[in-house]
Amino acid sequence: PALRGQVECGWSARIAADVPAQVQDVLPDGCMDLVWTGGELVVAGPDTAPHPVRRSPGTASAGLRFAPGMLPALLGVPASAVRNQRVPLAELHPALARRATARLEPDATPVAILTVLGDVATALPGPQAEPGLRAVAAHLGTGASAGDTAQRLGWTDRSLHRRCLAAFGYGPAVLRRVLRFRRAADLLYAGVPLAEAAARAGYADQPHLSREVRLLAGVAPRQLAGANRSTPLPSGSCTTA
């Protein structure tokens, strides 16, 4: 309950013991995750490109995916400091990481892992994120400009940019691109045709969608549409464990 409104979902993944190790790409979604890799607790920073994750056979991993802008305040660390990185929690909060890791057995179930992750998150020393950040993500998520967003909140453009770097890991223009890509990815996963997905997500046209998908996902839109949905891709594809 203490995390209500801050966590979008929990996810889990396990590769069978009798199959080869797999490498899967986690794609930008504006979020940050608290993850148990099967061996350590890590903070997954905000991504601006595909981040390859290696999954070992027989190993269970799970994570809590925080809504955009929510986790950095709890960690007491600006999101820009962990952008495109996976940072061990032990580097940020050693005592908390040790206590949590001691509770995680090698054969822990996803529910047990997520319970520990929830306890870790509620024990983090930082405050909750400022309410205005939700409005920033919501407004930029509609395709609004940075200037319009700043004016709507009564902030200067410089203040908006500074707050975005701390909360989201990048400036408002990049956040808008990432959130638009997240909308488009959800539509493509759902089987929406490319031209329609481009229009509904807010792109100028289909070529614009194709360029942005290649930049942020590293693949063509049709490849993204056929991606394995078990991969923890943008948050819209994350399902509660």
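The values are calculated or read from the model by the stated rules, or taken from the named source; none is laboratory data. Keep in mind it's a predicted model, so treat the numbers as computed, not measured. Counting neighbours? That spans all protein chains shown, and the Cβs are built from the backbone with ideal geometry, glycine included. Areas reflect the complete protein model, heavy atoms only, side chains present, ligands, DNA and RNA absent. Shrake-Rupley method; radii C 1.70, N 1.55, O 1.52, S 1.80 Å.
For the range 128-144, does any single residue satisfy the condition of being under 30 Å from ARG14 (Cβ atoms) and open to solvent by less than 50 Å² (accessible area, probe 1.4 Å)? No, because not a single residue in the range 128-144 is under 30 Å from ARG14 (Cβ atoms) and open to solvent by less than 50 Å² (accessible area, probe 1.4 Å). Reported count of residues in the range 170-191, each being over 29 Å from GLN85 (Cα atoms) and at pLDDT 95 or above, is 0. The residue list PRO125, PRO72, PRO68 contains one member that is part of a loop (DSSP other than H, G, I, E, B) and touching a residue at least 60 places away in the same chain (Cβ under 8 Å), which is PRO68. Scanning the range 105-115 for residues that are farther than 16 Å from ALA44 by Cβ and surrounded by 20 or more Cβ atoms within 10 Å (Cβ to Cβ) returns no hits.
Checked against (1) part of a strand (DSSP E or B); (2) over 15 Å from the mean Cα position of the chain (by Cα), ASP18 passes all but a single condition, namely (1). Among the residues of the range 78-102, those identified as open to solvent by 30 Å² or more (accessible area, probe 1.4 Å), farther than 23 Å from PRO52 by Cα and either part of a helix (DSSP H, G or I) or among the aliphatic types (A, V, I, L, M) (or both) are PRO94, ALA95, ARG98, ARG99, THR101, ALA102. Restricted to the range 175-226, the set of helices (runs of 4 or more DSSP H) holding at least 1 residues that are among the aromatic types (Phe, Trp, Tyr) is empty. No other residue among ALA112, ALA184, ALA201 is hydrophobic (A, V, I, L, M, F, W, C) and touching a residue at least 24 places away in the same chain (Cβ under 8 Å) apart from ALA184.
When the range 54-69 is filtered for residues that are under 17 Å from the mean Cα position of the chain (by Cα) and hydrophobic (A, V, I, L, M, F, W, C), the ones remaining, listed by number, are ALA62, LEU64, PHE66, ALA67.
Select from the range 146-169 the residues that are more than 16 Å from ALA67 (Cβ to Cβ) and either touching a Lys or Arg at 6+ places or on another chain (Cβ under 8 Å) or among the charged types (D, E, K, R) (or both) and list them in ascending order.
Restricting attention to the range 146-169, the residues satisfying the condition of being more than 16 Å from ALA67 (Cβ to Cβ) are 146-162, 165.
ALA146, ASP148, ARG152, TRP155, ASP157, ARG158, ARG162, listed by residue number.
Apart from one condition, VAL23 fits all of (1) open to solvent by 50 Å² or more (accessible area, probe 1.4 Å); (2) of a type outside the set (S, T, N, Q); (3) under 30 Å from HIS161 (Cβ atoms); (4) part of a strand (DSSP E or B); the exception is (3). In the set (1) over 18 Å from the mean Cα position of the chain (by Cα); (2) without any contact (Cβ under 8 Å) to a residue 40 or more places away in the chain; (3) assigned to a helix (DSSP H, G or I), the condition left unmet by GLU105 is number (3).
Identify, please: which residue in the range 26-77 is acidic (Asp, Glu) and open to solvent by less than 20 Å² (accessible area, probe 1.4 Å) and is, among those, farthest from PRO172 (Cα to Cα)? Only one residue tops the list, namely ASP33.
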